1. Might you report the magnitude of the Cβ-based charge dipole of the range B:35-114 about its Cα centre, with Lys and Arg at +1 and Asp and Glu at -1, to the nearest 20 debye?
2. So the label point goes 7 Å from the Cα of A:M1 along Cα→C-beta, right? Which residues of the range B:99-137 then have their backbone N under 14 Å from it?
3. Just the number, please: buried accessible area between A and B, total of both chains, 1.4 angstrom probe, nearest 100 square angstrom.
4. I need the calculated FRET efficiency for the pair B:R42 and B:R197, taking r as the beta carbon distance and R₀ as 45 Å, to the nearest 0.05.
5. Taking the Cα centre of the protein assembly as shown as origin and charging only Cβ (+1 Lys, Arg; -1 Asp, Glu), how large is the dipole, in debye to the nearest 20?
6. Toward the positive end of the charge dipole of the protein assembly as shown, about the Cα centre and with charges on Cβ (Lys, Arg +1; Asp, Glu -1), which of B:L101, B:G136, B:G55 goes farthest?
7. Which of the listed residues, A:F67, A:L3, A:F17, is farthest toward the dipole's positive end in chain A, when Lys, Arg count +1 and Asp, Glu count -1 at the beta-carbon?
8. If r is the Cβ-Cβ distance from A:S75 to A:V25 and R0 is 22 Å, what FRET efficiency results, to the nearest 0.05?
Amino acid sequence: MQLIPCPWCGPREEVEFHYGGQAHVSYPADPAALSDEEWARFVFFRDNPRGPFAERWSHTAGCRRWFNAVRDTRSYELHAVYRLDEERPVTT
Amino acid sequence: MTADIRTRRSPLDGWAERLAELAPAVEVAERPFRTHVTLRLRDAGRAAAVSAVLGVELPRTPCTFTRGDGPHGPVEVAWLGPDEYLVLAEPGLQRTLESALRQAIGDASGAVIDVSAQRTTLTLSGPKARDLLAHGCAIDLHPSVSPSGTCVQALLAQSGIVLLVRDADAGEFTVLVRASFAIYLATWLLDAGVEYREYREVPV
């Protein structure tokens, strides 16, 4: 089973985690000014890259904290994990 | 509100005899009605005041617990998250601990919640306790990886537990399991421990 390194608890089995979709999707600064199309884009549209992808994960069976991870969608390799208050690290 | 102590039943009430069948390889016992208090505290400046109330330092390292004797008797404080701790104490101290901790936190941002009814306490010891846990838990419990004082939240046979390593060398563990999962986990422990039971003639 794949191990996911939780920033708090260290490497744990994948079944302890919950996937939370794309990271760094920020809430619109002025929601009232958005058109329907822009709302739809914010709510429903996510990137689907082939390669490194910044995602949110939650360690549900452990410390129950959300964190971000950069995962390669081709190989499932995790390049980096970082806390929500940290910047996305530069990965190659 | 306090439960009526004359009629209350712990989640594993009546299981002592069945769990004792695993002895002497694994000694399993429930310690019912222990006081469990969740403490949320962001302000590290208040940690000293909280420690003074409990007589125990708050664990600073993730996945560890601290223990000691304080004004409220033997107390253990488990790390559950970066700003979340679980205070474990003798039964019946819910109100005392709650008010003492609230006073220690003062006007700082935090919370004190009595969660005693959420989980029950199981103690496991004996020469095969580590092997038994390894049947259903992916955490490496070897003393070199999980020394005494380790506290992990993990899955044991698919049920969420808090596991405290009391004595790594002697193989003494405490498992905190949710009340509704307790009977399932006790049944699983009995099944997983079949190979460690002593052979007994079945009466015909």
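The values are calculated or read from the model by the stated rules, or taken from the named source; none is laboratory data. Given the structure is predicted, the values throughout are model-derived calculations rather than measurements. Note that each Cβ is placed from the backbone with ideal geometry, even for glycine, and that neighbours are counted across all protein chains shown. Surface accessibility is based on the protein's heavy atoms, side chains included, excluding ligands, DNA and RNA. Shrake-Rupley method; radii C 1.70, N 1.55, O 1.52, S 1.80 Å.
1. For this selection, approximately 100 debye.
2. Zone members listed by number: B:134-137.
3. 1000
4. Calculated value: 0.40.
5. In debye, rounded to 20, the protein assembly as shown gives about 320.
6. Of the listed residues, the answer is B:L101.
7. Checked the options; the winner is A:L3.
8. Once rounded, the FRET efficiency stands at 0.40.
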